[in-house]
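Asker: Structure below; questions to follow.
The values are calculated or read from the model by the stated rules, or taken from the named source; none is laboratory data. The structure presented is a predicted model; accordingly, all values stated were derived computationally and were not measured. As a convention, Cβ positions derive from the backbone with ideal geometry for all residues, glycine included, and neighbour counts pool all protein chains shown. The protein model used for the area step is the full one, side chains on, heavy atoms only, and it has no ligands, DNA or RNA in it. Shrake-Rupley method; radii C 1.70, N 1.55, O 1.52, S 1.80 Å.
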Amino acid sequence: MKLRHISLMAGIALGTMAMAAPAMAQTVIKVWSIDGQNRPGIADTFSKEFNEQNNGITIDYRGIAFDDLVNETLRAYATGNAPDIVSFDNPDFALFSSRGAMLDITDRAAASDVVSKAKYFDGPLNSVSWDGKLFGLPKYTDTIGVFYNKDLFAKAGITEPPKTWAEFVADAEKLTDPANKVYGATFSARAGEEGTFQFLPIIQMSGGSYKDVNTDGAVEVLNLWKKMIDNGWASKDVLSLGQWDSTGTFNSGNAAMAVSGPWEIDRMVEDAKFDWGVALLPTITEGGDRSSALGGFDWGIMSSTKHPDEAFKVLEYYVSQEARLFPEFGNLPARGDIELPVTGIAKKDAALKVFQEQLKYAQPRGPHPEWQKISKAIYDAMQSALTGQMSAKDALDQAQATIKGITG
């Protein structure tokens, strides 16, 4: 009886000690992204799952509207209240990395068993690099190609999608059918980032860059685009429509071709009542240099973090889940080693293969810390030329002068 009493008392004492012992200290990592604003996204989903592991690190996730993210982060960094990790649109990343606001993760990435620079496409990787160092990791990517209506192509006697921009315009003329309210082509040439997103690849494939925009090839294609608008082979609405609305014209059967990206595939599968396919973006000359727009977001650790090692572990977890990006969120991985699953929908699977091929040629917007000003110079020139306010050459020469004043 006495032994039982001692054992019982000891058990009570140990139980009391266990209840009094503090829980394992948690390191809190603040993560900001645009995800989760309207529906579950990558950052909010992965962060919630990371927290369920109870590994001593807790993510405090905050979703911020796209238009507010950059300014909100700038203010937070200036006042010492920055997050540990933030996800930026890829052209905005250089604004922070060039000013020392992002943590150099070159050595951490090289030592990681999860992260491999060699697996990423060059374009996305360049968007997180600055001065030869790695300041972030690509989150996901996208690009643009040409969607085309195979039924309308067959009706017009056109056997394959255009290989050059001159062929694109010639096909647009043949495909235009005013009686049935069908334009030959649609694209986005609006005065904004979407306009630059669609026109910068023309500059790049003609030997230029964001620093050198007044190339002969860019002038040539800008004149071709104006010819389409002036002749009604493309609607004047392309001057104001964003990519989503512009591609809606194609989905409804009112345009035979559309320059757009993989974010449209699911909507197209559902809405388009015709046979369609995707082709690589045309080049200036047949067999000429290729380029395409690089969209998507990047991850980065802010240099003000007090927990760099823990923050990098969070990034490693995000990277380890990248095979889920397309199946669950419809986003393309920025890596060439992840095979997209076969969906069983023939048009969708064929389109995805083309966009993955196109990603090999995608180039970032920039990188440059004053990208917003550079982009404005490009889309202002595009608008001036397409509306007839200036010749294509004069508009691009003016943009070149503006950009030179920005880049030095």
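Asker: Find all pairs meeting these conditions: Cβ atoms under 8 angstrom apart; at least six residues apart or on different chains; first residue within region 112-124 and open to solvent by 50 Å² or more (accessible area, probe 1.4 Å); second residue of a type in the set (S, T, Y) and in a helix (DSSP H, G or I).
Answerer: V114/S320
Asker: Residues in region 74-81: is at least one under 26 Å from S129 (Cβ atoms) and either of a type in the set (V, I, T) or under 22 Å from the mean Cα position of the chain (by Cα) (or both)?
Answerer: Within region 74-81, one or more residues are under 26 Å from S129 (Cβ atoms) and either of a type in the set (V, I, T) or under 22 Å from the mean Cα position of the chain (by Cα) (or both).
Asker: Still on this structure: Return the residues of region 200-211 that are open to solvent by 10 Å² or more (accessible area, probe 1.4 Å) and closer than 17 Å to P91 by Cα; say none if nothing qualifies.
Answerer: Within region 200-211, Q204, S209, Y210, K211 meet the criteria.
Asker: I would also like to ask the following. Among the residues of region 379-396, are any without any contact (Cβ under 8 Å) to a residue 12 or more places away in the chain, outside any helix (DSSP H, G or I) and polar (S, T, N, Q)?
Answerer: Yes, region 379-396 has at least one match.
Asker: Looking only at region 73-90, which residues are in contact (Cβ under 8 Å) with a residue 24 or more places away in the chain and surrounded by fewer than 17 Cβ atoms within 10 Å (Cβ to Cβ)?
Answerer: G80
Asker: Take region 151-168 and flag every residue that is assigned to a helix (DSSP H, G or I), more than 15 Å from W276 (Cβ to Cβ) and either modelled with pLDDT under 95 or open to solvent by 10 Å² or more (accessible area, probe 1.4 Å) (or both). Steps first, please.
Answerer: Our first condition is that a residue be assigned to a helix (DSSP H, G or I); within region 151-168, this holds for 151-156, 165-168.
Then keep just the ones that are more than 15 Å from W276 (Cβ to Cβ); that gives 165-168.
Hits for region 151-168 are A166, E167.
Asker: Inside region 42-64, can you point out the residues that are surrounded by fewer than 18 Cβ atoms within 10 Å (Cβ to Cβ), part of a loop (DSSP other than H, G, I, E, B) and touching a helix residue (DSSP H, G or I) at 6+ places or on another chain (Cβ under 9 Å)?
Answerer: Residues satisfying the conditions are Q53, N55, G56.
Asker: Mind listing just one residue for me: the one in region 308-340 that is in a loop (DSSP other than H, G, I, E, B) and open to solvent by 60 Å² or more (accessible area, probe 1.4 Å) and, of those, modelled with the lowest pLDDT?
Answerer: So in region 308-340, the residues in a loop (DSSP other than H, G, I, E, B) come out as 321, 330-331, 333-334, 336-340.
Filter once more, so that each one left must be open to solvent by 60 Å² or more (accessible area, probe 1.4 Å): 337, 339.
Details: D337: 91, E339: 87.
Residue satisfying both the conditions and the ranking: E339.
Asker: Determine which single condition I6 fails, assuming it passes every other condition in (1) modelled with pLDDT under 90; (2) touching a Leu at 6+ places or on another chain (Cβ under 8 Å); (3) of a type in the set (A, V, I, L, M).
Answerer: (2)
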